[in-house]
Amino acid sequence: MSNISIIGLGQMARVLAARALAGANAVEVIGRDAAKAADVAGALGHGASAGTAGAAPAGDIVILAVPHGSAVPLVSQYGDALAGKVVVDITNPFNPSATGVVTPDGTSVAQEVAQAAPESAHVVKAFNTVFGHVLAQGRPLDVFIAGDDVQAKASTAAFIESIGLRPMDTGDLKMAQWLEGAGVLMMGLGRHGVGNYNFSLGVDIAD
């Protein structure tokens with residue numbers, strides 16, 4: 001069992017929280033609106049709690065379920081409250097048309113988050129290649145992850161497995177830029193090749 005704090009109260013935050021609770025993980029939800037966070041925790045049930053925005057998250061794993069533009073300022077705001085935590089960035093830095101990313105070439109939101117985080121925090125990119133509504137369906141999915149710290153990735157992978165999904169390690173945090181690019185790829189597939197967004201990316205391992 002993992003102890004998870006989810007910062008954000010949107011659809012993806014709620015779906016991840018529900019899956020985490022179903023996997024017997026402890027879950028804390030955190031939002032700027034304390035009353036809304038309490039309402040979300042109450043609706044989730046199963047022992048979910050509401051944390052206090054800006055205070056040290058209770059979870060060993062802190063999931064940033066916020067818009068990409070908020071991720072770095074949020075991590076900077078929390079500062080040393082994130083010391084020793086595994087910080088999981090799930091954001092996609094889409095441009096307004098979702099045909100590209102707004103991060104500079106050669107970098108990613110996850111790498112920018114890592115620069116803003118305390119030295120003892122370890123950033124992992126994960127879940128950005130999974131649509132929230134597909135995750136909510138409860139079917140098995142692959143979750144691509146990237147990070148520089150082996151133990152942080154192992155902790156994230158264990159959490160992913162606890163919610164019935166398969167972690168797929170893509171390498172160090174530099175790979176996050178390509179995972180964020182894969183988010184753009186998924187949007188293109190949804191518009192063209194697939195024709196809808198009711199799909200997932202995965203790995204088929206040949207015998």
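The values are calculated or read from the model by the stated rules, or taken from the named source; none is laboratory data. Here the structure is a predicted model, which is why all the values come from computation and not from measurement. Don't worry about glycine lacking a Cβ; one is built from the backbone with ideal geometry, like all the others, and counts go over all protein chains shown. Just the protein is used for accessible areas: all its heavy atoms, side chains included, with ligands, DNA and RNA removed. Shrake-Rupley method; radii C 1.70, N 1.55, O 1.52, S 1.80 Å.
Things worth noting here:
- Check on Asn196, over 15 Å from Ile61 (Cα atoms) and touching an Asp or Glu at 6+ places or on another chain (Cβ under 7 Å): no
- Pairs with Cβ under 8 Å, 6+ apart, first in the stretch 181-207 and closer than 16 Å to Val134 by Cβ, second open to solvent by less than 60 Å² (accessible area, probe 1.4 Å) and at pLDDT below 95: none
- Taken over the stretch 57-84, the criterion of being in contact with a Gly (Cβ under 9 Å, 6 or more places away or on another chain) and free of Cβ contacts under 8 Å to residues at least 40 places away in the same chain is satisfied by Pro67, Ser70, Gln77, Tyr78, Ala81.
- Where a residue in the stretch 11-27 is open to solvent by less than 20 Å² (accessible area, probe 1.4 Å) and its partner, wherever it lies, is of a type in the set (Gly, Ala, Ser) and modelled with pLDDT under 95, with Cβ under 6 Å and at least six apart: Asn25/Ser2
- Flag if Gly171 is over 23 Å from Ala20 (Cα atoms) and out of contact with any Leu (no Cβ under 7 Å at 6 or more places or on another chain): yes
- In the set (1) among the hydrophobic types (A, V, I, L, M, F, W, C); (2) within 29 Å of Ala24 (Cβ to Cβ); (3) open to solvent by 50 Å² or more (accessible area, probe 1.4 Å), Ile160 fails one condition alone, (3).
- Residue count for the stretch 143-175, restricted to those that are closer than 19 Å to Gly132 by Cβ, in contact with a strand residue (DSSP E or B) (Cβ under 9 Å, 6 or more places away or on another chain) and assigned to a helix (DSSP H, G or I): 3.
- Candidate set from the stretch 171-202 (those that are among the polar types (S, T, N, Q) and more than 22 Å from Val102 (Cα to Cα)); member that is surrounded by the most Cβ atoms within 10 Å (Cβ to Cβ): Ser200
- Residues in the stretch 28-37 that are outside any helix (DSSP H, G or I), surrounded by 21 or more Cβ atoms within 10 Å (Cβ to Cβ) and not β-branched (Val, Ile, Thr): Glu28, Gly31.
- Where strands (runs of 3 or more DSSP E) fall wholly inside the stretch 38-142, the ranges with 1 or more residues that are modelled with pLDDT of 95 or more, open to solvent by 40 Å² or more (accessible area, probe 1.4 Å) and under 25 Å from Leu179 (Cα atoms) are 122-125.
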